[in-house]
Amino acid sequence: MSYIKKHSKHGEIYGAILILESELINFFSFLSQHFGEVKINGKTKDGTNISFSSLGEFTSYSNFEKRKIIEFELSCSETDQSVDIKFQNERGIFKPKTLKYNLRYNNQDWGFKFEDDLRQELKEFRPYYNYLTFLDLTFGLPLLLAAILTFIFSLDYLLKFSGLIGFLKVEYIYTNTSQSSWIIGVAWCIPIFLFSYSLNLFRNYLFPVLFIATGKQIKEYQKKKTIAYIIFGIFLMGIVINLISDLIKIN
């Protein structure tokens, strides 16, 4: 049989990915049903490329902070089919791209079914905090706030311009923009950017886009999860206390 496959498919998956050992073992079990050879190549935080001969070698890697694995690729091959699956972190403004795959095969029916099964299996790596990783807060949050404020003020202005009642207590008076106004505007941008940048760093630490919880990073994952649960608990407690306070005032 020819090593050149008749068909090929390139796919991408967006959203956060959390690699836990149990899910990884199940995923390898799925791949081994279709491929006789599965190679693992990882890239560490300091740029070192490491080849692992087996899943056991990959999961037993110490994965300490300085040289923790930040991305890895699975190369699976069989006579009539092959697939390369790369777990990576490509942060966009709105949605992170965390996985891409290249699938090659001869049997079209097998290829269609395998891709559907593959995408279904990959959903097991989707963490509970997936939607919290959307939007790059450093630039995306200021842009989103600016867009919302522009929409609100524009709508209010159009309502008042049309002789209707607006919803903001703002009087629109045309004046020439002075240089001092521009300076004040730029000055406001600096703290907003610093706040967004700090918030983005904290969010990315607590809810990483791609996290490989093996070796020493298992403890790190447990620490992140504990902090996240405490924050969620405080947030929910605040809501409950506020609701109880409102009910007491009504009564």
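The values are calculated or read from the model by the stated rules, or taken from the named source; none is laboratory data. Owing to the predicted nature of the structure, the values given are computational and were not obtained by experimental measurement. Quick reminder, even Gly has a Cβ in these numbers, built from the backbone with ideal geometry, and neighbours come from all protein chains shown.
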Tell me which of these Leu24 doesn't satisfy, since it passes every other one: (1) of a type outside the set (Lys, Arg); (2) surrounded by 18 or more Cβ atoms within 10 Å (Cβ to Cβ); (3) touching a Phe, Trp or Tyr at 6+ places or on another chain (Cβ under 7 Å). (3)
Examine the range 47-56 for a residue that is in contact (Cβ under 8 Å) with a residue 24 or more places away in the chain, over 22 Å from the mean Cα position of the chain (by Cα) and in a helix (DSSP H, G or I), and state whether such a residue exists. yes
Which ones in the range 3-42 are among the hydroxyl-bearing types (Ser, Thr, Tyr) and under 22 Å from the mean Cα position of the chain (by Cα)? Tyr14, Ser22
Residue count for the range 58-80, restricted to those that are more than 21 Å from Leu18 (Cβ to Cβ) and either touching a helix residue (DSSP H, G or I) at 6+ places or on another chain (Cβ under 7 Å) or assigned to a helix (DSSP H, G or I) (or both): 2
Scanning the range 189-207 for residues that are over 25 Å from Glu220 (Cα atoms) and touching a Ser or Thr at 6+ places or on another chain (Cβ under 9 Å) gives Phe193
Odd one out for Ile218, checked against (1) at pLDDT below 95; (2) surrounded by 10 or more Cβ atoms within 10 Å (Cβ to Cβ): (1)
Which residues, taken from the range 224-251, are within 19 Å of the chain's Cα centre (by Cα) and among the hydroxyl-bearing types (Ser, Thr, Tyr)? Tyr229
Pairs with Cβ under 6 Å, 6+ apart, first in the range 91-105 and surrounded by fewer than 15 Cβ atoms within 10 Å (Cβ to Cβ), second charged (D, E, K, R) and assigned to a strand (DSSP E or B): Asn102/Asp84
Meets criteria (crowded, with 19+ Cβ neighbours inside 10 Å and either not in a helix (DSSP H, G or I) or not hydrophobic (A, V, I, L, M, F, W, C) (or both)) for Leu118: no
Restricting attention to the range 130-139, does a residue exist that is in a loop (DSSP other than H, G, I, E, B) and at positive phi? yes
So the check is Cβ under 7 Å with 6+ separation or different chains; which pairs have a first residue in the range 227-247 that's touching a residue at least 12 places away in the same chain (Cβ under 8 Å) and a second one that's surrounded by 10 or more Cβ atoms within 10 Å (Cβ to Cβ) and assigned to a helix (DSSP H, G or I)? Ile227/Leu206; Ala228/Leu206
Output the residue which, of all residues in the range 160-179 that are assigned to a loop (DSSP other than H, G, I, E, B) and either outside the structural domain of Thr150 (by TED's automatic domain parsing) or farther than 19 Å from Thr150 by Cβ (or both), is modelled with the lowest pLDDT. Ser178
Among the residues of the range 62-87, how many are under 17 Å from Gln217 (Cβ atoms) and touching a strand residue (DSSP E or B) at 6+ places or on another chain (Cβ under 7 Å)? 8
